[in-house]
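The structure appears right after this line, and notes come after that.
The values are calculated or read from the model by the stated rules, or taken from the named source; none is laboratory data. Remember, predicted model here, so these are calculated numbers, not experimental data. In this analysis, Cβ positions are derived from the backbone assuming ideal geometry, glycine residues included, and neighbour counts consider all displayed protein chains.
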Amino acid sequence: MPRKQKIKAYKLGHFAEGFAVMMLRLKGYSISERRYKTKMGEIDIIARKGIVTIFCEVKARKNYITAIESLSYKQKSRISKAAEIYMANLKSSRNNNKIENNIYRCDMILIIPWRWPVHIKNAW
């Protein structure tokens, strides 16, 4: 991919994530992390609602079908491993040493031009 296309895709990704964060906040979620990086991979958004921690992958595409299909098995696996690392670190923290911190799920948010974002809970 040429450099200009990469920069454009990077900026679109930031915009889509910001839009997804706004939508999650309107739904009552509190945002814990954005672009959380581990050796296994990156998680776009980590949010909490009640005792549930959610790990969101944001996909911005031209339509819903290509957005859903753009998340590969390999990406799902890497995000799941990164989520396990995050939860293990959270569990070992002094302030969060509670059994309820084990509840988490992996969601997907689809950003399509001129449409309200679609939030797919338990996407995988």
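List of remarks:
- Taken as a whole, the condition of being modelled with pLDDT under 95 and under 15 Å from the mean Cα position of the chain (by Cα) does not apply to Gln5.
- Lone unmet requirement of (1) closer than 20 Å to His119 by Cα; (2) surrounded by 11 or more Cβ atoms within 10 Å (Cβ to Cβ); (3) touching a Lys or Arg at 6+ places or on another chain (Cβ under 9 Å) for Thr38: (1)
- Arg48 at pLDDT 95 or above, basic (Lys, Arg) and either over 11 Å from the mean Cα position of the chain (by Cα) or part of a helix (DSSP H, G or I) (or both): no
- Residue ID - nearest to Pro113 (Cα to Cα), chosen from residues in segment 20-35 that are surrounded by 13 or more Cβ atoms within 10 Å (Cβ to Cβ) and within 12 Å of the chain's Cα centre (by Cα): Ala20
- Ala47 meets all of the listed conditions (1) among the small types (Gly, Ala, Ser); (2) surrounded by 16 or more Cβ atoms within 10 Å (Cβ to Cβ); (3) more than 20 Å from Met87 (Cα to Cα) but one, namely (3).
- Residues of segment 53-91 classified as under 14 Å from the mean Cα position of the chain (by Cα), part of a helix (DSSP H, G or I), within 18 Å of Gly41 (Cβ to Cβ) and β-branched (Val, Ile, Thr), total: 1
- Which listed residue, of Ile43, Ile31, is touching a helix residue (DSSP H, G or I) at 6+ places or on another chain (Cβ under 6 Å), more than 20 Å from Lys76 (Cα to Cα) and part of a strand (DSSP E or B): Ile31
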